[in-house]
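First up is the structure itself, then whatever we jot down about it.
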Amino acid sequence: MTLIRDDAKKSKKRVMIMNAALKVFSSKGYSPSVLDEIAEEAGIAKGTLYLYFKDKEDLYYSTVMYMVENLEQTIKREMDEEMPPLAALEKLAFLTIRFFAKNRAFINMYILILHNNLVRNFKRLFESLIEKEKELYDFESRIIERGKSEGMLDKNIATEDIVDGFHGIISQTISRMFFSEDGRAINAEKKAKSVMHIFLNGVRA
């Protein structure tokens with residue numbers, strides 16, 4: 001029982017540090033002094049960080065994957081893959097947009113990753129993100145294939161192209177939050193419906 005309590009306490013402390021890291025990394029990037037600021041934000045001594053994370057790269061990796069896995073768990077918890085295909089796509093759009101609207105710091109951090117090409121410099125992070133992206137792509141592809149088989153989506157368009165189009169609209173919606181003064185005020189349900197309308201019907205009057 002003591003071991004379980006100790007593990008739970010350590011896990012809680014790790015999450016607390018990662019939340020502090022998310023805030024600092026999103027505003028300061030991968031700067032040399034960032035660990036000092038993370039320790040200050042978390043209210044701990046800098047040396048304490050090394051009890052939970054090997055080094056700055058490990059903390060950065062853990063923070064990014066913590067957020068990615070939070071989104072993944074949200075999707076798994078709130079979605080049923082057997083939902084009607086179009087409803088499933090709209091729900092996926094809604095959950096993704098809502099997650100990023102509530103976690104704007106992660107948008108900043110993620111864009112900084114891409115801007116500074118940190119992903120390719122950190123092989124472990126790059127490979128993990130590629131794996132998660134493939135899992136999401138496969139999930140979306142299965143929904144698209146069901147949509148085709150049920151006559152809801154055009155069978156003559158390659159599934160990968162449909163997924164890319166759907167993905168692209170959502171990604172652009174999220175990217176705009178980075179430049180928005182009030183990204184948290186976004187109505188995720190309304191945005192998801194707009195995504196689906198453009199995805200299915202285009203913008204022609």
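Take the residues in the stretch 79-100 that are outside any helix (DSSP H, G or I) and among the acidic types (Asp, Glu); name whichever of them is least open to solvent (accessible area, probe 1.4 Å). Show your work before the answer.
Let us first name the residues in the stretch 79-100 that are outside any helix (DSSP H, G or I), namely 79-84.
Cutting the leftovers down to among the acidic types (Asp, Glu) gives us 80-82.
Values: ASP80: 85, GLU81: 55, GLU82: 131 Å².
Among residues in the stretch 79-100 that are outside any helix (DSSP H, G or I) and among the acidic types (Asp, Glu), the one least open to solvent (accessible area, probe 1.4 Å) is GLU81.
Any residue in the stretch 190-203 that is outside any helix (DSSP H, G or I), in contact (Cβ under 8 Å) with a residue 60 or more places away in the chain, touching a Leu at 6+ places or on another chain (Cβ under 7 Å) and not polar (S, T, N, Q)?
Of all residues in the stretch 190-203, those outside any helix (DSSP H, G or I) come to 202-203.
Still in the running and in contact (Cβ under 8 Å) with a residue 60 or more places away in the chain: none.
No, the conditions are met nowhere in the stretch 190-203.
Return the pairs, sorted by first residue and then second, in which the second residue is of a type in the set (D, E, K, R) and open to solvent by 60 Å² or more (accessible area, probe 1.4 Å), the first residue lies in the stretch 7-31 and is in contact (Cβ under 8 Å) with a residue 40 or more places away in the chain, the beta carbons are less than 7 Å apart, and the residues are 6+ apart or on different chains.
Cβ pairs passing all conditions: LYS23/GLU41.
Could you run through the stretch 142-159 and say how many residues are loosely packed, with under 15 Cβ neighbours inside 10 Å and within 21 Å of the chain's Cα centre (by Cα)?
So in the stretch 142-159, the residues loosely packed, with under 15 Cβ neighbours inside 10 Å come out as 142, 149-152, 154-158.
Adding the requirement that they be within 21 Å of the chain's Cα centre (by Cα) leaves 142.
Qualifying residue count, the stretch 142-159: 1.
Scan TYR30, TYR61 and give me the residue that is open to solvent by less than 70 Å² (accessible area, probe 1.4 Å), in a helix (DSSP H, G or I) and closer than 12 Å to MET109 by Cα.
TYR61
Going through ASP161, ASP154, ASP138 one at a time, which residue ends up being outside any helix (DSSP H, G or I) and among the charged types (D, E, K, R)?
Working: ASP161 fails: outside any helix (DSSP H, G or I); ASP138 fails: outside any helix (DSSP H, G or I).
ASP154 is the lone residue from the list that is outside any helix (DSSP H, G or I) and among the charged types (D, E, K, R).
Can you confirm whether LYS54 is among the basic types (Lys, Arg) and not in a helix (DSSP H, G or I)? I'd like the intermediate steps shown before the answer.
On the way: among the basic types (Lys, Arg): yes; not in a helix (DSSP H, G or I): yes.
Yes.
Residue-wise test of (1) touching a Phe, Trp or Tyr at 6+ places or on another chain (Cβ under 7 Å); (2) over 23 Å from LYS190 (Cβ atoms); (3) at pLDDT below 85.
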site: ARG77; (1), (2), (3): no, no, no
site: PRO84; (1), (2), (3): no, no, no
site: PHE94; (1), (2), (3): no, no, no
site: PHE99; (1), (2), (3): no, no, no
site: ASN116; (1), (2), (3): yes, yes, yes
site: LYS123; (1), (2), (3): no, yes, yes
site: LEU129; (1), (2), (3): no, yes, no
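The values are calculated or read from the model by the stated rules, or taken from the named source; none is laboratory data. Everything quoted here is computed from the prediction, not taken from an experiment. Note that each Cβ is placed from the backbone with ideal geometry, even for glycine, and that neighbours are counted across all protein chains shown. Surface accessibility is based on the protein's heavy atoms, side chains included, excluding ligands, DNA and RNA. Shrake-Rupley method; radii C 1.70, N 1.55, O 1.52, S 1.80 Å.
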